[in-house]
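Since the structure comes first, as C-alpha cells, the remarks are kept for the end.
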Amino acid sequence: MNLGSKMILDATRKNRAVPRPTAGFPRAGRAPGRRRALTHATAWRNLRDVFLVVRSDTKDPVQNRALAENLARRPSLGGFKFIAVVSDDVPLDDEELLIWGIFTRFDAARDIRPARVETDGAWTRVVPPLAIDASWKPGYPAPLVMDPAVVARVNAAGASLV
C-alpha cells in the first residue's frame, strides 16, 4: 500500500476495425438480476465500446476482485479492452469523476488481471479484456470532500466572470 506501480497504456488504434462487444451489457443501466458473475454488480456504463465500468455494492476487496475477473472471462464481453469494477460512490453519469474514480483507485501490479495469458515460446501475451479492480480498498484515505460553503463561493465567483 502507498508504494504504487506504473502502467503505460498505448491507446492508439492499430487498425480501422474496432471489435464491438457482443450482447451482454447495454450502454448503461442496472444489473439484470443476480447471476453468479453479477452478484454485486448494481449498475454499469459502457464507455465508447472500449471500457465497461461496473459498480459494485460490496466493500469486500476479495469479492470485488472476483467480480472483475468473472466479468473479464465472459465471452459476451470479449470486445471490451477493459472492464473496471468501481465502488458505489463513483458516479457513472459524470465522465470526469468516473475516470478519476477508476484511475485513482487501483495499483497496476496488484489490481489488474487479464482475461487470459498465453505464451508463444518465450513471449507472453495478455488477452483482453483487462479486469481492473478499481474499488475502494481498506487502508485508502477517506476521499476529500470540499466544504459546501466554499463550493458555493467559488461557483458564485465563476458565474460573475461569465
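The values are calculated or read from the model by the stated rules, or taken from the named source; none is laboratory data. Small disclaimer: the values here were computed from a predicted structure and weren't measured. Cβ placement follows ideal geometry from the backbone for every residue including glycine, while neighbour counts extend to all protein chains displayed. These area figures cover heavy atoms from the full protein model, side chains too; ligands, DNA and RNA do not enter into them. Shrake-Rupley method; radii C 1.70, N 1.55, O 1.52, S 1.80 Å.
If you go through region 144-154 and keep only what is of a type outside the set (Lys, Arg) and surrounded by 10 or more Cβ atoms within 10 Å (Cβ to Cβ), you end up with Val151, Ala152, Val154. Might you check whether a residue that is of a type outside the set (D, E, K, R), out of contact with any strand residue (DSSP E or B) (no Cβ under 8 Å at 6 or more places or on another chain), farther than 23 Å from Leu9 by Cα and open to solvent by 40 Å² or more (accessible area, probe 1.4 Å) occurs anywhere in region 117-137? Yes, region 117-137 contains at least one residue that is of a type outside the set (D, E, K, R), out of contact with any strand residue (DSSP E or B) (no Cβ under 8 Å at 6 or more places or on another chain), farther than 23 Å from Leu9 by Cα and open to solvent by 40 Å² or more (accessible area, probe 1.4 Å).
Residues in region 79-106 that are out of contact with any Lys or Arg (no Cβ under 7 Å at 6 or more places or on another chain), closer than 18 Å to Ser56 by Cα, of a type outside the set (A, V, I, L, M, F, W, C) and not in a helix (DSSP H, G or I): Ser87, Asp89, Pro91, Asp93, Asp94, Thr104, Arg105.
Condition check for Ser76 on (1) at pLDDT 85 or above; (2) in a strand (DSSP E or B); (3) small (Gly, Ala, Ser): one failure, at (2). Restricting attention to region 62-92 and to residues that are surrounded by fewer than 17 Cβ atoms within 10 Å (Cβ to Cβ) and without any contact (Cβ under 8 Å) to a residue 12 or more places away in the chain, the residue that is nearest to Ile132 (Cα to Cα) turns out to be Val62.
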